[in-house]
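Worksheet for the structure shown next.
The values are calculated or read from the model by the stated rules, or taken from the named source; none is laboratory data. From a predicted model like this one, the values you see are computed outputs, not experimental measurements. Cβ sites come from the backbone with ideal geometry, for glycine too, and all protein chains shown count toward neighbours.
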Amino acid sequence: MNVRGLRFVITGSAKGIGAETARVAAERGARVLVSDVDDEAGAATAAEIRTSGGDAHYAHCDVTDEGQVQALMARAAADLGGIDVLHNNAGTHESMIGDEYTLETMSKATFERILGINLVGPFLCAKYAVPFLRESPNASIINAGSTASFLGFPQNLAYGASKGGIATLTKNLAVDLAPDRIRVNAYCPAAVETMMVTKFVDASPEPEALKSMMIRSHLVPRLGTPRDVANLVCFLASPEASFVNGILWLIDGGSLAWRGTTDVLGMSS
Ligand SMILES: NC(=O)c1ccc[n+]([C@@H]2O[C@H](COP(=O)([O-])OP(=O)(O)OC[C@H]3O[C@@H](n4cnc5c(N)ncnc54)[C@H](O)[C@@H]3O)[C@@H](O)[C@H]2O)c1
């Protein structure tokens, strides 16, 4: 996981998995541009990394806004002298937006909003990062997939569609950018302890039962942590992963390796 000296742009990195990736990468000597729509939390994350001796800056960027995405990549190139790693992390779920979950209650605007952030955003970021990535000897794009890139889940229509799109976007970008020696991969987590999962669980009529069911579907009977995913992102970004390309890397505690909950194995969480 040697990311020393690599220049990371991480979208949606004020909180959650993105913020933890910024911390882990900086701990290992990477230079990080934290970006988000939540300026207060984003600036605080970058400041915390600097206080710990890391190299981090903050820039506002809404990944659905083409002008802001273009400006983010230009800022990264100016501040960091280039871009080696684009971490397309920003994402949201319908439970973060409202309570329109079903086919018949979800508005077109909500469906399009989720796709805009989770799928169009990564496309825009890739588009405007590529001229800089092309100049890097160790370039890669790392997208946020999900177990929802592979399977259907309850109350997950728009999110599932967006993460299914990320699966094929990742492979198509890997093909298109191969001549430029830019690797493109995705990490695909099961439930990870962040605000997104907390909101999803809290929106359920039976939050404790849902959380327990999530944990019992993992062969490693716990929720994932942002650090679990951050470690994987750093590996995918590192030169050690130079032969890893176009992959959807599950990081799911084994949840997609089987069908069931750990009760049937006599395990308690
Ligand atoms: N937490 C999980 O269980 C889980 C599982 C699978 C995949 N993922 C994916 O991992 C990524 C990070 O998830 P998380 O759990 O850390 O989420 P989170 O909600 O904790 O953090 C998401 C961040 O994205 C930012 N964001 C939202 N809209 C944005 C926009 N338009 N432009 C820029 N930033 C924006 C938010 O402000 C927030 O800081 C997402 O793409 C998510 O879909 C998460």
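Taking every residue in the stretch 251-269 that is more than 22 Å from residue 143 (Cβ to Cβ) and pairing it with any residue that is hydroxyl-bearing (Ser, Thr, Tyr) and surrounded by fewer than 12 Cβ atoms within 10 Å (Cβ to Cβ), at least 6 positions away or on another chain, the pairs with Cβ-Cβ distances below 8 Å are 262/268. Just to be sure before I move on: is residue 209 under 29 Å from residue 100 (Cβ atoms) and not basic (Lys, Arg) in the structure I sent? So residue 209 passes the test. In the stretch 231-244, the residues that are in a loop (DSSP other than H, G, I, E, B) form Cβ pairs under 6 Å with partners that are modelled with pLDDT under 95, at six or more places apart or across chains, as follows: 238/1; 238/2.
For the stretch 55-67, the set of residues classified as part of a strand (DSSP E or B) and within 24 Å of residue 5 (Cβ to Cβ) consists of 55, 56, 57, 58, 59, listed by residue number.
Residue count for the stretch 10-62 under the criterion of being of a type in the set (Gly, Ala, Ser) and either in contact with a Phe, Trp or Tyr (Cβ under 7 Å, 6 or more places away or on another chain) or within 13 Å of the ligand (Cβ to nearest atom) (or both): the result is 16. A residue that is buried (at least 18 other Cβ atoms within 10 Å of the Cβ), of a type in the set (A, V, I, L, M, F, W, C) and closer than 25 Å to residue 76 by Cα occurs nowhere in the stretch 194-216. Checked against (1) among the polar types (S, T, N, Q); (2) without any contact (Cβ under 8 Å) to a residue 24 or more places away in the chain; (3) outside any helix (DSSP H, G or I), residue 13 passes all but condition (2).
Here residue 212 clears all of (1) within 11 Å of the ligand (Cβ to nearest atom); (2) assigned to a helix (DSSP H, G or I) except the condition numbered (1). So which residues in the stretch 74-99 are in a loop (DSSP other than H, G, I, E, B) and either surrounded by fewer than 18 Cβ atoms within 10 Å (Cβ to Cβ) or within 10 Å of the ligand (Cβ to nearest atom) (or both), if there are any at all? The answer is 81, 82, 89, 90, 91, 92, 93, 98, 99. Scanning the stretch 167-187 for any residue that is away from the ligand (no atom under 14 Å from the Cβ), free of Cβ contacts under 8 Å to residues at least 60 places away in the same chain and of a type in the set (Ser, Thr, Tyr) turns up at least one such residue. Within the stretch 5-19, at least one residue is over 17 Å from the mean Cα position of the chain (by Cα), under 21 Å from residue 138 (Cα atoms) and not basic (Lys, Arg). Per the conditions (1) touching a Gly at 6+ places or on another chain (Cβ under 8 Å); (2) within 14 Å of the ligand (Cβ to nearest atom); (3) in contact (Cβ under 8 Å) with a residue 12 or more places away in the chain, the sole criterion not satisfied by residue 153 is (3).
Considering every residue within the stretch 164-171, establish whether at least one is surrounded by fewer than 24 Cβ atoms within 10 Å (Cβ to Cβ), in a helix (DSSP H, G or I) and polar (S, T, N, Q). Looking through the stretch 164-171, at least one residue is surrounded by fewer than 24 Cβ atoms within 10 Å (Cβ to Cβ), in a helix (DSSP H, G or I) and polar (S, T, N, Q). Between 222, 259, 183, the distinction of being among the basic types (Lys, Arg) and either surrounded by 14 or more Cβ atoms within 10 Å (Cβ to Cβ) or in a strand (DSSP E or B) (or both) belongs to 183 only.
Results for (1) out of contact with any Leu (no Cβ under 9 Å at 6 or more places or on another chain); (2) crowded, with 18+ Cβ neighbours inside 10 Å; (3) assigned to a helix (DSSP H, G or I), shown as yes or no for each residue.
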{"position": "19", "(1), (2), (3)": "yes, yes, yes"}
{"position": "32", "(1), (2), (3)": "no, yes, no"}
{"position": "35", "(1), (2), (3)": "no, yes, no"}
{"position": "47", "(1), (2), (3)": "yes, no, yes"}
{"position": "53", "(1), (2), (3)": "yes, no, no"}
{"position": "69", "(1), (2), (3)": "no, yes, yes"}
{"position": "72", "(1), (2), (3)": "no, yes, yes"}
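When residue 217 is tested against (1) under 30 Å from residue 130 (Cβ atoms); (2) of a type in the set (Ser, Thr, Tyr); (3) at pLDDT below 95, just one condition goes unmet, and that condition is (1).
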